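Peer 1: Dumping the structure here so I can ask a few things about it.
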Amino acid sequence: MRSIITRADDLASSRSANEAIAKVVDAGFIRNVSIMAPGPYLEEAAKLLSHREDICFGFHMTLNAEWDQMRWGPVTAKEQVPSLIDREGFFHQDPSWFVQHPPSVDEIIKECEAQLNRLMRVGFTITYADSHMLPERFMPGLQAELDRWIVAKGLINHRYFYKMFPGDMPEDHEQFERVLAKLQDGQYFLLSHPSLYSAEMRLCGNAQVDGEELARGRAKETAFLAQEGLIRISEHYDCRVIRYDEAVPLNGV
């Protein structure tokens with residue numbers, strides 16, 4: 001009667017994220033992992049996790065690089081996607097930039113193809129598609145183009161599964177149980193960004209986000225998700241943790 005799609009984002013974005021996501025996957029509560037193809041540690045991520053048949057892997061479409069010091073750019077040759085990059089050849093930091101400077105839809109689809117192909121080349125089986133920072137919110141018509149592309153690729157579209165798990169990420173068993181005890185019947189979605197606390201993660205900051213605060217927050221998420229007993233507690237409250245390919249699309253889709 002109750003289920004939770006549990007997802008970890010940003011695999012391959014950093015070594016700290018790779019190690020943390022591998023840790024929480026081993027704990028069993030996270031069943032879906034979204035991968036950033038432009039991430040600098042994709043091959044390392046593949047060695048850690050691509051063999052895991054119990055995990056549903058997703059294409060995390062990446063068109064933005066939000067941090068000041070840790071940056072990434074397109075998988076496609078930069079001269080083929082000039083509207084997607086800044087003067088230094090990286091993705092733009094904020095997707096709201098697309099409002100006044102809409103990139104070429106053809107270049108976006110070309111980059112999506114390259115990113116998906118790269119994920120499959122390193123050994124991942126990709127089942128669903130979602131997006132980093134949701135740039136489609138800022139560009140009229142992009143959502144429809146992405147929807148068509150996702151269907152053509154035979155992938156599950158993330159946007160039909162966003163009934164959010166209530167509240168912030170729990171910190172311990174007691175807090176988790178209190179939320180589950182009040183949970184209504186239905187299918188929920190729990191998003192996480194696991195990462196170890198490290199100097200690497202402290203570099204992930206910008207004018208709006210303090211790197212130290214972000215590093216500590218993501219490490220706290222990791223500590224909760226890596227705890228033993230989360231599956232047992234969920235089942236005690238008749239709540240099942242599921243993959244996207246076990247989920248039911250919402251909103252009549």
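Residue-by-condition table, conditions (1) crowded, with 23+ Cβ neighbours inside 10 Å; (2) out of contact with any Gly (no Cβ under 9 Å at 6 or more places or on another chain); (3) touching a residue at least 40 places away in the same chain (Cβ under 8 Å):
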site	(1), (2), (3)
LYS23	no, yes, yes
PHE29	yes, yes, yes
ASN32	yes, no, yes
ALA37	yes, yes, yes
PRO40	no, yes, no
SER50	no, no, yes
TRP67	no, no, yes
PRO74	yes, no, yes
LYS78	no, no, no
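Peer 1: Look at the range 86-110 and say how many of its residues are open to solvent by less than 30 Å² (accessible area, probe 1.4 Å) and over 18 Å from TRP149 (Cα atoms).
Peer 2: Adding up the residues that qualify gives 5.
Peer 1: Taking the range 137-172 only, how many residues are open to solvent by 20 Å² or more (accessible area, probe 1.4 Å) and under 18 Å from the mean Cα position of the chain (by Cα)?
Peer 2: Total meeting the criteria: 12.
Peer 1: Any residue at all in the range 31-46 that is more than 24 Å from LEU230 (Cα to Cα), touching a Pro at 6+ places or on another chain (Cβ under 8 Å) and either at pLDDT 95 or above or not small (Gly, Ala, Ser) (or both)?
Peer 2: The answer is yes, given that some residue of the range 31-46 is more than 24 Å from LEU230 (Cα to Cα), touching a Pro at 6+ places or on another chain (Cβ under 8 Å) and either at pLDDT 95 or above or not small (Gly, Ala, Ser) (or both).
Peer 1: Then there's this: Return a yes/no flag: does the range 174-186 have any residue that is within 20 Å of LEU11 (Cβ to Cβ), in a strand (DSSP E or B) and either basic (Lys, Arg) or in contact (Cβ under 8 Å) with a residue 12 or more places away in the chain (or both).
Peer 2: no
Peer 1: Is there any pair linking a residue in the range 82-105 that is farther than 17 Å from MET133 by Cβ and β-branched (Val, Ile, Thr) to one that is open to solvent by 20 Å² or more (accessible area, probe 1.4 Å) and in a loop (DSSP other than H, G, I, E, B), with Cβ under 8 Å and at least six apart or on different chains, and which?
Peer 2: Between residues of the range 82-105 that are farther than 17 Å from MET133 by Cβ and β-branched (Val, Ile, Thr) and residues that are open to solvent by 20 Å² or more (accessible area, probe 1.4 Å) and in a loop (DSSP other than H, G, I, E, B), the close pairs are VAL105/GLY141.
Peer 1: Looking only at the range 221-231, count how many residues are part of a helix (DSSP H, G or I) and either open to solvent by less than 30 Å² (accessible area, probe 1.4 Å) or closer than 13 Å to ILE21 by Cα (or both).
Peer 2: 6
Peer 1: OK, next. Please enumerate the residues belonging to the range 187-220 that are outside any helix (DSSP H, G or I), in contact with a Phe, Trp or Tyr (Cβ under 6 Å, 6 or more places away or on another chain) and under 19 Å from LYS23 (Cα atoms).
Peer 2: Passing the criteria: only LEU190.
Peer 1: Go through GLU43, GLU53, GLU19 for me and flag whichever is closer than 16 Å to ASN117 by Cα and charged (D, E, K, R).
Peer 2: Of GLU43, GLU53, GLU19, the one residue that is closer than 16 Å to ASN117 by Cα and charged (D, E, K, R) is GLU43.
Peer 1: Right, here's the next one. Can you tell me which residue in the range 180-197 is nearest to the chain's Cα centre (by Cα), limited to those that are exposed (fewer than 14 other Cβ atoms within 10 Å of the Cβ) and over 15 Å from MET164 (Cβ atoms)?
Peer 2: Restricting to residues being exposed (fewer than 14 other Cβ atoms within 10 Å of the Cβ) and over 15 Å from MET164 (Cβ atoms), the top hit is ASP185.
Peer 1: Would you confirm, using the coordinates I've provided, whether GLU200 is touching a strand residue (DSSP E or B) at 6+ places or on another chain (Cβ under 9 Å) and either open to solvent by 20 Å² or more (accessible area, probe 1.4 Å) or farther than 18 Å from ASP9 by Cβ (or both)? Spell out the reasoning first.
Peer 2: Numbers: touching a strand residue (DSSP E or B) at 6+ places or on another chain (Cβ under 9 Å): no; either open to solvent by 20 Å² or more (accessible area, probe 1.4 Å) or farther than 18 Å from ASP9 by Cβ (or both): yes.
In short, no.
The values are calculated or read from the model by the stated rules, or taken from the named source; none is laboratory data. Please read all numbers here as calculations on a predicted model, not as lab measurements. With ideal geometry, Cβ positions are generated from the backbone for all residues, glycine too; neighbour counts draw on all protein chains shown. Quick note on the areas: whole protein, heavy atoms, side chains included, nothing else; ligands and nucleic acids left out. Shrake-Rupley method; radii C 1.70, N 1.55, O 1.52, S 1.80 Å.
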